Every structure is written in C-alpha cells, then in structure tokens.
1. Restricting attention to region 119-196, which GluC sites (Glu not before Pro) occupy a DSSP loop and are surrounded by at most 14 other Cβ atoms within 10 Å?
2. Once you sort the root eigenvalues of the Cα gyration tensor of the chain as a ≥ b ≥ c, which label holds: rounded (a/c under 1.5), prolate (a/b larger than b/c) or oblate (the other case)?
3. Give me the one-decimal nm value for the distance between modelled label points at ASN132 and GLN118, 7 Å along each residue's Cα-to-Cβ direction.
4. Report the accessible area of PHE262, computed with a 1.4 Å probe over the heavy atoms of all protein chains in place, in Å² rounded to the nearest 10.
5. Once you have a ≥ b ≥ c as the square roots of the Cα gyration tensor eigenvalues for region 175-276, tell me rounded if a/c is under 1.5, and otherwise prolate or oblate according to whether a/b is larger than b/c.
6. For VAL51 and LYS208, FRET efficiency with R0 = 22 Å and r from the beta-carbon atoms, rounded to 0.05?
7. Using a 1.4 angstrom probe on the protein heavy atoms only, could you order SER231, SER206, SER21 from most to least accessible area?
8. Using the Cα centre of the chain as origin and beta-carbon charges of +1 (Lys, Arg) and -1 (Asp, Glu), tell me which of SER18, ALA57, VAL83 is placed farthest towards the positive end of the dipole.
Amino acid sequence: MAEPRDVVRIPDAKVALSTASVYPESTATAFEIAARLGYDGVEVMVWTDPVSQDIEALRRLSDYHGIPILAVHAPCLLITQRVWSTDPWVKLQRARAAAEKLGASTVVVHPPFRWQRQYARDFVTGIWRMANETDVRFAVENMYPWRYRDREMLAYAPDWDVTKDDYRHFTIDLSHAATARSDALQMLDRMDDRLGHVHLADGRGSAKDEHLVPGRGTQPCAELLERLALSGFDGHVVIEVNTRRAMSAAEREADLAEALAFTRLHLASAVKVPRP
C-alpha cells in the first residue's frame, strides 16, 4: 500500500478587512487598501463616518474597487449610540437591510449594555426572531468585563461570554478573549458548528482591548486558523486590528499586509491522503 502524502487543504473562508482597521482614516480608505493588498472583501463597521451609514455610497465604493462587502457590523459601540436611531432594534433592522442590499452574508452584533434593560431582557429571543426573517446571519460577538485598576464591571447582558446563551451564530473575537482573559480555543469548542464569523486580532491580556496584528500577542491566532482549516470553516475571517499608532500610511498598510499574510499562511492545513 502506498505511503500517504501531505496535501494542503484551504477552506472556502474568505479573508476580509474591517473598515475599523484603518481608523482614523475613512471607510473609503479601507476599500482602497483592501483592493491593493488582495483582501477578499471588507466588513463595514457602521460608525460616525457618514459613508459607513450610506448604502449607496458603500455600493459605489464596492463596485469601483471590485471589493465585495461580506459583512456589516451593526453600530453597537458607545460612540455610535445615536447612529441609525437610538432604538437598538431599529439599528439591527437597518443593519440587516444594509446587508441584504449590499450582498453581505453576516451582521455582527454585540450583546447589549447592561443599562439597556429591556433590550437585554429580550435580546436572545429577539435575535432568533430576526434571524428567522432573513438569510443573513446574525453573529453575536463575545465581549469582556470592563476593568479599572482592581475593579471589574460586568457591562454586557445577558453576558459578555455569549456561549452562555442560545444563539444561532457566533462571532469569535480573539482580542476580546484576551481582554476577558478567557481561553479562546475553549470558547471555539463551545461555539462548535454555530461559529459563523471570526474577528482576527491579537492581545496580551491587558484590560484595554488591544486588537494587535495577529502574531504580536499571546492569543492562539495560528492554532485557531489551523483548526478552522481542518473543520472546513466556510464563514469569513475578518482582520480587525488597531493601526492608530501607525506613523504613516505606509506603516499602516504594512501592518495590514502582515495581518493578511499571517492569516493566509495559517488558514490552511496539511492532511494525509493516499498516494495515487
């Protein structure tokens, strides 16, 4: 019998650039960089940049650069509390409509803040209801406790660890796992086949959400990607890193090129197959 040989298996997952990764540059800049570096698409972070809120402007950018919009990140941040309404359910309805019109397969959403009491109370059942009304995936993202010195505040409800609740799809964010000081691979196991989306970034366990370029922190970025390759993951892997400290546009672009190269390298697995 012939000895088996190693074959590299690459999953169908696409590698996208989050528009948040170019901050403080614009949403439009993210499309330019994604096209130039060879990303498969972008995830649009809906925030205070008016272009990120404008479906027609986003469609024009996508068409001009030949870069598809693979996901829409709903405006869940503190600084986006008034973007697309102050009603969190309206925000999600508009995110879904944007995803449907732009051809994106996923809406990323954070669990509610604890002070959004009614929203938090209805969140799990509400997300299921919305997921049943569309082919777009609502992928709920793991968060983290807020820490200040020796104090810890549980800012999200029902929980920052979204695997404690019943959602159809999850987003795993490795920088958030680092900030929470939780084991990302154990979280991946709990998400299992409900993992629909990945935010790839690194962290060192700081109380501050770092979003480092993969490979520059302590998170198992390479191991997670290799496990996705072995499982045949067909969601999206989104580079969501912090480049605010870049001293120039060239330095920012170099960081994003490094993140893409790291991801493509590890989003593959060697498997044994019989020789012909």
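1. GLU133
2. rounded
3. 2.2 nm
4. Its accessible surface works out to 40 Å², give or take rounding.
5. It is oblate, given that a/c is not under 1.5 and a/b is not larger than b/c.
6. Efficiency at R0 = 22 Å is approximately 0.20.
7. SER231, SER206, SER21
8. The residue sitting farthest along the positive end of the dipole is VAL83.
The values are calculated or read from the model by the stated rules, or taken from the named source; none is laboratory data. Because the structure is a prediction, the values reported are computed rather than measured. Because the Cβ atoms are built from the backbone with ideal geometry, glycine has one as well, and the counts that use them run over all protein chains shown. Note: areas computed on protein heavy atoms with side chains; ligands, DNA, RNA excluded. Shrake-Rupley method; radii C 1.70, N 1.55, O 1.52, S 1.80 Å.
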